[in-house]
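Written below as structure tokens is the structure these notes are about.
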Amino acid sequence: MLRRVVLRFARDRKANVAIIFALMMVPTVFLLGMTLDYTLALRKREQLNAAADAAAIAAVRPAMLTQTDTSVVRATAEAVFAAKANLPGLSAVPTPTVTVTDSGLARTITVSYTAESINNFPGVLGKQTWQVAGSATAKASSAPNMNFYLLLDDSPSMAIAATQTDINNMIAATSSQPSYARNCAFACHEVHPNNQNPSSTNKDNLTVARNKNITLRIDLVTNAVKQLLVGPWSCPQSGVSGGVMQCMAALNNTTYKAAIYTFDYNFNTIQTLTTPTTAGTMIGNIQLMTVDHQNCVIYGNCSTDYGSDISGGLTGVNGVMPAPGSGTNQAGDTPQEVVFLVTDGVEDKLIPKTASCDPNATYPLPTVGTTQVRCQQPLNTAACTTIKNRGIRIAVLYTEYLQLPTDNWYNTRIAQFNNPSSSTGTIAQRLESCASPGLYASVQTGGDISAALTNLFLKVASSTASLVQ
């Protein structure tokens, strides 16, 4: 009997569409409900991932990077996540797992979570919620505490007029000077000008330049140091006064100190290591090297001109710098050490006759007495290597040595180091080799030395945070 009923139902064509539709409704409703709940869960996961991103980034901000108590860092990340993860449609606000990993100055933050998205069709899936999970990782290096040692060239070559206009004005202004200083672009500082008849009553070229308000290269260097240590500088962080160094210290929430030294034939201390603001008060003491008169650097020892020992300056500053630390705020750590060398790159110094000058120097070297010779050469980078081998970085600003094709001494003694151009010759190459990677810049005559020195400093001081995943 039952068999005949089933066969009759199977052969009956009436209402077949309705029957098929009714049969398909069950899986269709199941699929629609599952799709809707899954889509809503994915949306919640995207929102929670954004909350994890924000929490990870918040934990590597400069203010957090200086925080040595990792429980404070975790609490900060958790608070940011909680504020952004309080979303409708979740069974509860998820509690993230925050992992803090420090390696020297680098900090890595990982924020992970697991949450339950409430299903709108719990009966379809047989479960009340859909689990979602995710994580975000941010990594940043804190700006280290650093000590900056400004090593500035104050030798007579830095007395050249600053721009081509200044050079032209300087040549014109010295047209009535004694023959050795006449029509000269250099404002040499002499105690007793006129080497044929030295007298303090004669005006040296520096006095002429000051009377005519002619700007010299040494003035541009001084202004650059002022911008770094004194300002004014428009700092994006309100309430910060001073120069670029004070601004970056505030932005990076770190500590910077500065020292100022100059070099000529000596290594000269302007200001030992102190706060940038205190160092800035001593900038006025940066002065051109003083000579007695031409061919007489020191009174009573009149034989030849000299006055630029870059290697001696580097050796001197190396002697005052302690062993560098990592620059963290951890107990027992010390700041990193950084040298800023500003020079035109040519040494002009006395050396023992038994010592060696550059192989491409013009020989014979001018003799000085019975035991010394005058050596003019590009920087010998041995002193740079000694400093860098200690883990100390060197930033170099090359104020390009002006080509003087009409000057006989330049053509016979310097030109071979300054060709084919002041930007590409041996002088430039040696200075770039002296600098640590990425910390070399050059400025031509008339260029903006302040901007160049500031940009070099910003390269050293900048620190950023980034999302890893």
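Matching residues to (1) within 27 Å of V225 (Cα to Cα); (2) in the same structural domain as Y265 (by TED's automatic domain parsing); (3) at pLDDT 90 or above; (4) buried (at least 18 other Cβ atoms within 10 Å of the Cβ):
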site	(1), (2), (3), (4)
N285	yes, yes, yes, no
I298	no, yes, no, no
C302	no, yes, no, no
G316	yes, yes, yes, yes
Within region 203-217, track down each residue that is surrounded by 14 or more Cβ atoms within 10 Å (Cβ to Cβ), modelled with pLDDT of 80 or more and not in a helix (DSSP H, G or I). K212, I214, T215, L216
Among the residues of region 88-119, the number that are touching a residue at least 24 places away in the same chain (Cβ under 8 Å) and either out of contact with any Asp or Glu (no Cβ under 9 Å at 6 or more places or on another chain) or over 19 Å from T68 (Cα atoms) (or both) is 21
Are there helices (runs of 4 or more DSSP H) fully within region 365-469 with at least 1 residues that are in the same structural domain as V338 (by TED's automatic domain parsing) and more than 17 Å from the chain's Cα centre (by Cα)? List them. 382-388, 408-413, 426-434
Residue, surrounded by the fewest Cβ atoms within 10 Å (Cβ to Cβ), within region 160-202, restricted to residues that are under 14 Å from L404 (Cβ atoms), of a type in the set (A, V, I, L, M, F, W, C) and modelled with pLDDT under 80: C184
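The values are calculated or read from the model by the stated rules, or taken from the named source; none is laboratory data. This one's a predicted model, so the numbers in the text were calculated from it and none came from an experiment. When we count neighbours, we look across all protein chains shown, and the Cβ atoms used for this are built from the backbone with ideal geometry, even at glycine.
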